[in-house]
Structures are given as C-alpha cells and as structure tokens.
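Chemist: Please find one structure pasted underneath; my questions will follow.
The values are calculated or read from the model by the stated rules, or taken from the named source; none is laboratory data. These numbers come from a predicted model, not from an experiment. Ideal geometry is used to build each Cβ from the backbone, glycine not excepted, and the neighbour counts take in all protein chains shown. Just the protein is used for accessible areas: all its heavy atoms, side chains included, with ligands, DNA and RNA removed. Shrake-Rupley method; radii C 1.70, N 1.55, O 1.52, S 1.80 Å.
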Amino acid sequence: MKPDSRWTACIFDFDGVLIDSEPLHAEAKRVTLNHFQIPHADELLTSFKGRPDSAFFRHVEAELTGGRAAAREMEAFKVATYLDLFHEVPLVPGALDFLATARGAFPKLGLATSATRHDFELGAEKYELTKWFDAIVTGDDTVKHKPDPEPYVKALAALSVISSDALVIEDSPNGIYAAKAAHCNVVGLTTNFQPKELRDAGADVVAASYSELLQILGIGRHRANYL
C-alpha cells in the first residue's frame with residue numbers, strides 16, 4: 001500500500017467500522033426470527049453482515065418461512081426492535097480520533113453503507129458524524145447493495161476520485177467484495193470477522209484496531225517503518 005500522502009480519499013463503511021452496531025443488528029434479527037417462529041442458525045446472520053436488511057428478509061421469506069411471514073412484515077418488526085436497542089450502540093474504539101486524524105491526512109472523506117438513511121442518521125446524530133464527510137452514500141441511494149460495487153462506485157463519483165486513489169475501510173467480507181469490485185484498495189478491520197476471513201475476501205491490509213491502522217498508514221503521531 002502507498003503512503004497516505006498519495007491517497008486522495010478515504011471511504012468508510014458505517015456499521016462495524018464507525019459504530020459497533022453489528023451485535024445489535026444481529027440481536028434484533030434473532031428477536032424477529034424468534035417472534036415469527038422461524039428456525040435459524042447463527043451462520044445465517046453472519047453470512048448477511050454488510051448486506052441490507054431487505055436482502056436478509058427476502059432470503060428468509062423465500063427459504064425459511066414456509067409462508068408464515070412476509071419479508072416486509074419481518075423487516076418492519078426488526079427495525080422497531082433495533083430502535084429499542086439502539087441507545088446501547090457504542091462507537092468502534094478509536095473511530096472519532098481516527099476521523100479527526102484522517103480529516104487532516106486525506107483531501108476527501110466519504111462514507112458508503114448498506115444501512116438505510118434512517119439507520120445511518122440515528123448513529124450520525126448520536127455521535128455527530130456527518131460533519132466529517134464530503135460525500136455519504138446510504139442503502140437508499142443505490143439500486144444494488146454490497147457485495148455489489150455500486151455503493152463505492154457512487155461514492156467515488158460523488159468525491160470525484162478515481163478508485164486507485166481511494167482507500168476503503170471495511171469490516172466484512174461482503175463490504176470488501178464490493179470495494180474490491182470497484183477497484184479500490186481496502187483495509188479490513190477485525191471488529192466482526194477474523195483476519196483470515198478478511199484477507200480471503202481480498203483485503204489488502206488487515207488491522208485489529210484504529211491505533212494499528214494509524215501506524216500502518218503512517219499518519220497522525222504514528223509512523224510506520226515499512227512504507
């Protein structure tokens with residue numbers, strides 16, 4: 001990977017990269033599936049991390065419900081359950097400090113998420129995140145969602161940046177697939193998946209924390225010795 005001085009933009013995912021909301025999303029889905037009496041395995045929840053709720057519940061309706069529940073009904077129940085849990089959502093450790101450092105290190109910052117604009121705004125308002133970004137793409141702004149590259153293609157266009165000059169920070173294989181399909185360089189944060197899973201998905205670099213990522217990139221008060 002190249003030094004930070006040559007990057008034009010850094011594009012962030014949201015859930016699992018800035019706010020640690022994935023456990024709450026998973027719990028809301030479990031509550032929903034239990035409410036509708038739909039048997040499921042945890043692997044099902046894991047396989048849909050980084051993808052929108054609509055895709056998850058369409059799959060559940062088609063494969064698991066036996067006609068007992070409609071995707072739209074389940075998704076509405078999940079959204080209400082998530083709202084009840086949302087007050088517990090924390091930031092990913094080090095996220096705000098990294099944003100402040102990145103704001104000075106990269107000419108442009110963007111965000112590309114599969115979350116609905118409503119879900120994004122919940123977290124953005126709670127932690128005043130919108131001010132950091134020059135462009136924001138949510139699940140409401142795209143026809144296709146991660147692992148399709150459309151969210152990152154739209155973010156690059158909104159930032160007027162070519163993919164080879166953009167660094168993406170992701171936490172899930174589905175997000176990494178999307179960013180790599182858009183021809184971006186990708187850092188995988190191990191907030192929700194093991195390093196090997198992120199590397200296998202195509203991450204160029206894997207970091208266990210924002211502190212480690214600062215060191216890898218050589219920005220802020222940290223300086224990598226191997227760039």
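Chemist: Identify the single condition in (1) surrounded by 24 or more Cβ atoms within 10 Å (Cβ to Cβ); (2) under 20 Å from residue 9 (Cβ atoms) that residue 180 does not satisfy, given that it satisfies every other one.
Modeler: With respect to (1) surrounded by 24 or more Cβ atoms within 10 Å (Cβ to Cβ); (2) under 20 Å from residue 9 (Cβ atoms), residue 180 is out only on (1).
Chemist: Of the residues 125, 170, 150, which is of a type in the set (Asp, Glu), open to solvent by less than 10 Å² (accessible area, probe 1.4 Å) and closer than 28 Å to residue 28 by Cα?
Modeler: Exactly one residue qualifies, and that residue is 170.
Chemist: Considering only segment 188-204, state which residues are outside any loop (DSSP other than H, G, I, E, B) and buried (at least 18 other Cβ atoms within 10 Å of the Cβ).
Modeler: Residues satisfying the conditions are 188, 189, 198, 201.
Chemist: Still on this model: Filter segment 20-35 down to residues that are buried (at least 20 other Cβ atoms within 10 Å of the Cβ) and aliphatic (A, V, I, L, M) and give me whichever is modelled with the lowest pLDDT.
Modeler: If we take residues in segment 20-35 being buried (at least 20 other Cβ atoms within 10 Å of the Cβ) and aliphatic (A, V, I, L, M), then 24 is modelled with the lowest pLDDT.
Chemist: Collect the residues in segment 36-85 that are open to solvent by 70 Å² or more (accessible area, probe 1.4 Å), assigned to a loop (DSSP other than H, G, I, E, B) and in contact with a helix residue (DSSP H, G or I) (Cβ under 6 Å, 6 or more places away or on another chain), keeping them in residue-number order.
Modeler: Scanning segment 36-85 gives a single hit, 51.
Chemist: Scan segment 139-162 and tell me whether some residue there is of a type in the set (Val, Ile, Thr), at pLDDT 95 or above and within 16 Å of residue 16 (Cα to Cα).
Modeler: The answer is no, given that none of the residues of segment 139-162 is of a type in the set (Val, Ile, Thr), at pLDDT 95 or above and within 16 Å of residue 16 (Cα to Cα).
Chemist: Here is a follow-up. Cβ contacts < 6 Å: first residue in contact (Cβ under 8 Å) with a residue 60 or more places away in the chain and in a loop (DSSP other than H, G, I, E, B), restricted to segment 86-114; second residue of a type outside the set (Gly, Ala, Ser) and open to solvent by 40 Å² or more (accessible area, probe 1.4 Å), any location; separation 6+ or different chain. Result?
Modeler: Correct list of pairs: 90/20; 92/20; 92/191; 107/8; 114/51; 114/145.
Chemist: A further question follows. From 89, 17, which residue is open to solvent by less than 20 Å² (accessible area, probe 1.4 Å), within 20 Å of the chain's Cα centre (by Cα) and at pLDDT below 95?
Modeler: After ruling out the rest, the residue left standing is 89.
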